[in-house]
Amino acid sequence: MLTILEGSTFCICDERGDIEADTSGFFAHDTRFLSRLVLRLDGSRPLLLSSGRVEHFAAAFYLRNANLNGLPQDALSISRERFVGTGMQERIAVRNESMHRLDFELSLELAADFADIISVKLHDFALGDPAHAADLPPAAPSTYDESRRQILIADPRGDLRTRVILSQVGRVDQTGVAFDLSLDPHERWDLTVDILASLDSDTESELVEHLDEERETLGDVVAAWTLRVPRVRGGWDNLRRAFDRSIADLGALRMRTGQFRRPLFAAGMPWFMTVFGRDTAITSLQSLLLGPEPAIGALEALAELQAKTVDAEIDAEPGKIVHEVRHGRAAEFWFPRYYGSIDATPLFLVLLAETWRWTDDAVLVRRLREPAMLALEWIDRYGDLDGDGFVEYARRADGGLANQSWKDSGDSQRFHDGRWAEAPIAPVEVQGYVYDAKLGLAEIARDVWREPELASRLEREAGELRAAFDKAFWVEERGGFFALALDGEKNHVDARCSNMGHLLWSGIALPERVAPVVDQLLSESLWSGWGIRTMASDEAAYNPISYHNGTVWPHDTALAAWGLARHGYVEAARRVSRALIEAAGHFDWSLPEVFAGYARDETPFPIAYPTAARPQAWAAGTPILLVRVLLGIEPDRVRQRLVSTVSDELPSWLEGLRVEGVRAFGRNWSVAVERGRVTIAEGV
């Protein structure tokens, strides 16, 4: 399947450009506004020549006719050029390549069912459960206004409407439109189809039919994004190609949300083109090298969406940061907002502190003081369900997520013997996020808010958490490691998992625990050769193609690499980083959300996971973060400059690498590797 998108508007189709599968369609506002679009010549589908994406928002399909119904084979060539913006536009061109006049019918089957995006996703054999998913709605009725060449498909269940505007007059019925064509040798016939989606009849008149101009504007926006972000030159070609592809992927995932249309990254294509608190925060952290705007947009959007009241139906409590936002029919049938993640709230605070370190923007952190304090209160009052000092979760919403940490699949919390952990569950990595959040906020409280008592309190609480965490989560057996979680009885959920790497990043692990954790992460059972497995291969529940129980998630491995570097394990960080970049080369330089955990010496390339989103935000952010890790780029807020933490000689494969246009403290910086050393200078 091929997907193109712009913001949260997207189209999924087959290689010929047709929309006919259960999970394909044209989607806007989390609603499917076109469920069928099939092109036929004399009743037969054309044959594929070639097709592909041109930009993230545009695709082209080149076809030829089959030898049917008296048409000589390959007598007709057909091109379909498709674009998505606020709506979708398709330009169809048919040319007679023969030496004879040809008479034939071109038809377009059209239908819209106005299904919500979550219900459609449930019909995906890998992401959902088609055998038990509810039936999707039938096609809605349509009317035709010949004077305006407009087909109007209206949802009988509400005010949703799809307008299909044709540049040519055709024969229209409830199945679509047909055109009787007669083309002389080498004559060409053209048709433009504009498809516009509206949520209600009141806003339909506000839709501007300017898709031609919008297409040109989007091209300019992409060019501006590419020019604004840093450029990588020289050095290892693989790293440069992965970095450039990440820039393109993150560009495709940009969206605007909220009252002030703030810029941020959506979680992933195609089903998650919306705000996800955890994904948005982590991607913004990974990509601060590109400039502060997405991080600031994410912080302000998440603050705007922060829960204000207790609502068990959506797992909300005051101060909690949103997990997922939906619009349109999905908001009607499921939820407008859902709060079922316990890590988004501390990650919001971690992002706030890190953005401040890169910008020294006192106005920003003063403006966000109230949501930051509400998030802190949520951690201590609602996040800690039983007063033991640890944040834990237990689902309250019917139909909500059973597991509410980043490994949110239903079977991810497993003991060494394979048993499932019972809630309430305190995930190991989330305690580290809380530790990091309190230390970061303490720094802001002291230096910006001028609240030394609050700063001292937060530092004390972080120290107490660190000591209690070590006592509660450390497991001495099997070489020593941190448990995946504590279950409802405070037992160690004792599968050895990649989550330990997050503890190195957050800094909660005591100094004496760092070496054993590093040994675990790089052991044969956790290290696949391509990345760190989500679960060790000698655990009972390990499966290299289980979503969270043995696969490799690039962002997860990259956070571990960041932690390795922070603790001085620079050679290990480089080994991990290089492996991820090499893996990217097998995915056309676009790292997927997840890939299989098979050992590198067993497979000649990393094995794709069948339903992995690509591009996916924190996977796309991974090469950006790895450049920062490899070059040791860190902000020095006191001196108002960037510095490098690298003190040894870099490997030869990084020699000549240059990163130009890194933005920090309102200025541009260049980072270069020369004779094995990192130099940083102001200016491009």
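The values are calculated or read from the model by the stated rules, or taken from the named source; none is laboratory data. Here the structure is a predicted model, which is why all the values come from computation and not from measurement. All Cβ positions, even for glycine, are placed from backbone atoms using ideal geometry, and neighbour counts span all protein chains on display.
General remarks:
- Matching residues, the stretch 410-424, being part of a loop (DSSP other than H, G, I, E, B) and touching a Leu at 6+ places or on another chain (Cβ under 9 Å): G410, S412, Q413, F415, A421, P424
- Checking the stretch 169-184 against the condition returns a match, with at least one residue being touching a helix residue (DSSP H, G or I) at 6+ places or on another chain (Cβ under 7 Å), under 30 Å from S77 (Cα atoms) and not basic (K, R).
- Condition met for P544 (in the same structural domain as I633 (by TED's automatic domain parsing), crowded, with 21+ Cβ neighbours inside 10 Å and touching a helix residue (DSSP H, G or I) at 6+ places or on another chain (Cβ under 9 Å)): no
- Looking only at the stretch 479-531, and only at residues there that are over 24 Å from P346 (Cβ atoms) and small (G, A, S), the one that is nearest to the chain's Cα centre (by Cα): G531
- Any hit, the stretch 8-17, residues being out of contact with any Lys or Arg (no Cβ under 6 Å at 6 or more places or on another chain), crowded, with 19+ Cβ neighbours inside 10 Å, under 30 Å from P294 (Cα atoms) and of a type in the set (S, T, N, Q): yes
- Scanning the stretch 326-339 for residues that are at pLDDT 95 or above and either more than 22 Å from L264 (Cα to Cα) or not in a loop (DSSP other than H, G, I, E, B) (or both) gives R337, Y338.
- Cross-chain or 6+ apart pairs with Cβ under 6 Å, the stretch 69-98 first and in contact (Cβ under 8 Å) with a residue 12 or more places away in the chain, then surrounded by fewer than 17 Cβ atoms within 10 Å (Cβ to Cβ) and of a type in the set (G, A, S): A75/S98; S79/A93; E81/A60
- Any hit, the stretch 643-661, residues being without any contact (Cβ under 8 Å) to a residue 24 or more places away in the chain and either surrounded by 18 or more Cβ atoms within 10 Å (Cβ to Cβ) or in contact with a strand residue (DSSP E or B) (Cβ under 7 Å, 6 or more places away or on another chain) (or both): no
- Considering residues of the stretch 29-68 that are assigned to a strand (DSSP E or B), charged (D, E, K, R) and in contact (Cβ under 8 Å) with a residue 24 or more places away in the chain only, the residue nearest to R245 (Cα to Cα): E55
- Output for the stretch 128-151, where each listed residue is in contact (Cβ under 8 Å) with a residue 12 or more places away in the chain and more than 17 Å from W334 (Cα to Cα): P130, P138, A139, A140, P141, S142, Y144, E146, R148, R149, Q150, I151
- Here A344 does not qualify as touching a helix residue (DSSP H, G or I) at 6+ places or on another chain (Cβ under 7 Å), of a type in the set (A, V, I, L, M), farther than 27 Å from I118 by Cβ and crowded, with 16+ Cβ neighbours inside 10 Å.
Each row is one residue, and each column tells you yes or no for (1) closer than 30 Å to R641 by Cβ; (2) in the same structural domain as S405 (by TED's automatic domain parsing); (3) within 16 Å of the chain's Cα centre (by Cα).
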{"residue": "F272", "(1), (2), (3)": "no, yes, yes"}
{"residue": "I282", "(1), (2), (3)": "yes, yes, yes"}
{"residue": "W356", "(1), (2), (3)": "yes, yes, no"}
{"residue": "R367", "(1), (2), (3)": "yes, yes, no"}
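- Scanning the stretch 403-428 for residues that are touching a strand residue (DSSP E or B) at 6+ places or on another chain (Cβ under 9 Å) and within 24 Å of P554 (Cβ to Cβ) returns N403, Q404, S405, W406, K407, G410, D411, S412, Q413, R414, P427, V428.
- D315 satisfies every condition listed in (1) touching a helix residue (DSSP H, G or I) at 6+ places or on another chain (Cβ under 6 Å); (2) buried (at least 20 other Cβ atoms within 10 Å of the Cβ) except (1).
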